[in-house]
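I have placed the structure first, in the form of structure tokens, so that the comments after it can refer back to it.
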Amino acid sequence: MADKKFYSLPELPYGYNALEPYISEAQLRLHHDKHHAAYVNGANAILERLDKARQAGTDVDMKATLKELSFNVGGHILHSLFWANLAPAAKTTKEPGGALGDALKNEFGSFERFKKEFTAAAGSAEGSGWGVLALCGKTNRPVLMQIEKHNVNVAPNERILMVLDVWEHAYYLDYKNERPKFVEAFWNIVNWNEVNKRLETILK
Ligand code: MN
């Protein structure tokens, strides 16, 4: 049997203190090294459990296992997208250009309107959730989504362009319970080049 692959925790594309003062080094270390790592380890543990059960010919609780697997894999994928759509404030622009700038203006009327709607989406995601900008697979229109936990409310057709993690573990050390302050800070460290690259890759 061919070797099976497992998930691995990606390194951050910048230093742990590079997003300060918007995200502190302590907050980023905790979020990446503990929380993201837990989703990677959790997903791999389930894959191993499935491998063993299949080899042994034993049954697994399919409903519970698949739920747990999608939660952990979803968490791993979303966090990987999140780290890469952030950048140090000094190395990014306030607004996107290129195809992304055009697409957002065309869909929302203005960048300001997009920012307002995304902020509201991220701010009102219930409990542990994400604000998400995606591209519809049918119309190529930019679309906003709220992902609850890591996997609920996902339209399978949508290609994700940008995410914002609004779980408390993403901001509690820096902003306590004040999620709106974290969402406001986020706009200073969006890697618009990366988000634009994701869009252009899809449209190619
Ligand atoms: Mn998180």
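No lab work stands behind these numbers, since they all come straight from the coordinates. Computed from a predicted model, the values in this text were never measured in an experiment. Note that we place each Cβ from the backbone using ideal geometry, even for glycine, and neighbour counts take in every protein chain shown.
Worth a mention:
- Odd one out for LEU19, checked against (1) in a loop (DSSP other than H, G, I, E, B); (2) free of Cβ contacts under 8 Å to residues at least 12 places away in the same chain: (2)
- Hits in region 153-176 - residues which are in a strand (DSSP E or B) and buried (at least 18 other Cβ atoms within 10 Å of the Cβ): ILE160, LEU161, MET162, VAL163, LEU164, ASP165
- Restricting the first member to region 145-173 and to residues that are closer than 24 Å to ALA87 by Cβ, and the second to residues that are in a loop (DSSP other than H, G, I, E, B) and within 13 Å of the ligand (Cβ to nearest atom), the beta-carbon pairs closer than 6 Å and six or more apart or on different chains are GLN146/ALA125; VAL166/ALA125; TRP167/SER128.
- Selection within region 109-128 - closer than 13 Å to PRO142 by Cβ and hydrophobic (A, V, I, L, M, F, W, C): PHE111, PHE114, PHE118, ALA121
- Flag for GLY98 being free of Cβ contacts under 8 Å to residues at least 60 places away in the same chain and on the phi > 0 side of the Ramachandran plot: no
- Considered as a group, the residues in region 182-203 that are under 16 Å from the mean Cα position of the chain (by Cα) and not in a helix (DSSP H, G or I) include one that is nearest to TYR22 (Cα to Cα), and that residue is ILE189.
Per-residue answers, yes or no, for (1) away from the ligand (no atom under 14 Å from the Cβ); (2) surrounded by fewer than 16 Cβ atoms within 10 Å (Cβ to Cβ); (3) among the hydrophobic types (A, V, I, L, M, F, W, C):
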site: SER8; (1), (2), (3): yes, yes, no
site: LEU12; (1), (2), (3): no, no, yes
site: GLY15; (1), (2), (3): yes, yes, no
site: ILE23; (1), (2), (3): no, no, yes
site: ASP33; (1), (2), (3): no, yes, no
site: TYR39; (1), (2), (3): no, no, no
